[in-house]
Amino acid sequence: MSINIGIDVGGTKIEIIALDSESGKELYRQRINTPDNYPEFLSSIIKMILTAEKELKTTATVGISIPGIVNRDKTFNETPSNLPFLNRNFAQDVERELQREIRMENDARCFALSEAIDGAAKDYNVAYCIIIGTGVGGSLVVNRQIIKGANNIAGEWGHIPLPFASQEQLSTQCGCGRKGCIETQVSGKYVLQKYNKLAQTPIHTVGDIRKLANKGDELASKIMNDFYNHLASALLDIIVVVDPDIIVVGGGCSRVEEIYEKVPEIIEKLWNRGKMNINIKKAMHGDSSGVRGAAWLWKENL
């Protein structure tokens, strides 16, 4: 049996999974808290891999999902903000310790690959997959292959300007250093900020705003309607350029069920040139998409 190991690295946890390379069946899973220093972090990654291989009595392929933009040589242009201690040559350090090649991609691409291979987009040729959580990410997969682009930034949808934006929205500062990014109007972090700035009683999740909106709360309804409209206008740009067969939504905001009904309707109104075929679905593997996609980095057609 051939086995693919995937590791999903985040600011608070590291998760490892082992999949049967043919069936995709999960054979092993473990999760630990992310250490706060590089030597312990690297040591923990190596220990997790070797422990999984010992348990499964095999040597597996290893893929890693990690935040931030990963260059073709598996280094970073800049350290991921939630992993400030991360060494730029992390992948090479892992390869040195394991004495074999690994593959590494950013978390949005691993999420997209997971959904394209055996998730919500498995029956479609062209899939655009977005993550809407604390931040906003995106990736394009064609025939189960990640499209990277000449500068290795294809699909980085969250950091282009929001279409149809007001001057106030275009002046909103984004965490990336630019202003007016899609992320500043669509991510869970910024939606919460907008609500809590105006609300008498602050709340902690977009899901809570949605519940209030469904009960008729005027402020919550306005915030959620703005969210649906901004998401629709941002996705229209992707549809016009790429025209994907399916758009898959992951991240915490993917649980907002109204996305899948309201956003396609708004996109059609914005387009205003006749009926469109808009297929937006929730990610099948949910929070496991990143770690599964990391394992699938070793699928042959890549």
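Listed values, structure above:
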item	result
Count of residues meeting criterion [in a loop (DSSP other than H, G, I, E, B), at pLDDT 85 or above and farther than 16 Å from Leu231 by Cβ] in the range 175-199	2
Given (1) under 28 Å from Ala232 (Cβ atoms); (2) out of contact with any Pro (no Cβ under 9 Å at 6 or more places or on another chain); (3) not β-branched (Val, Ile, Thr), index of the condition Gly68 fails	(2)
Check on Val263, surrounded by 14 or more Cβ atoms within 10 Å (Cβ to Cβ) and either charged (D, E, K, R) or in a strand (DSSP E or B) (or both)	no
Residue among Ile17, Ile49 that alone is crowded, with 21+ Cβ neighbours inside 10 Å and in a helix (DSSP H, G or I)	Ile49
Residue satisfying all of: in the range 266-302; polar (S, T, N, Q) and under 23 Å from Ile16 (Cα atoms); surrounded by the fewest Cβ atoms within 10 Å (Cβ to Cβ) among these	Asn301
In the range 69-118, residue surrounded by the fewest Cβ atoms within 10 Å (Cβ to Cβ) [restricted to those that are at pLDDT 95 or above and part of a loop (DSSP other than H, G, I, E, B)]	Gln99
Residue within the range 122-137 that is touching a Cys at 6+ places or on another chain (Cβ under 7 Å) and over 30 Å from Lys54 (Cα atoms) present	yes
Subset of the range 119-147 [assigned to a loop (DSSP other than H, G, I, E, B) and among the β-branched types (Val, Ile, Thr)]	Thr134, Ile147
Some residue of the range 44-64 being in contact with a helix residue (DSSP H, G or I) (Cβ under 8 Å, 6 or more places away or on another chain), at pLDDT 95 or above and small (Gly, Ala, Ser)	yes
Residue that is nearest to Lys47 (Cα to Cα) [pool: residues in the range 7-21 that are touching a Leu at 6+ places or on another chain (Cβ under 7 Å) and among the small types (Gly, Ala, Ser)]	Ala18
Given (1) in a helix (DSSP H, G or I); (2) under 27 Å from Leu113 (Cα atoms); (3) at pLDDT below 90, index of the condition Ala150 fails	(1)
Options Leu27, Leu56, Leu19; residue that is of a type outside the set (Val, Ile, Thr), touching a strand residue (DSSP E or B) at 6+ places or on another chain (Cβ under 7 Å) and without any contact (Cβ under 8 Å) to a residue 40 or more places away in the chain	Leu27
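The values are calculated or read from the model by the stated rules, or taken from the named source; none is laboratory data. Since this is a predicted model, take the numbers as computed values, not measurements. All Cβ positions, glycine included, derive from the backbone under ideal geometry; neighbour counts span all protein chains shown.
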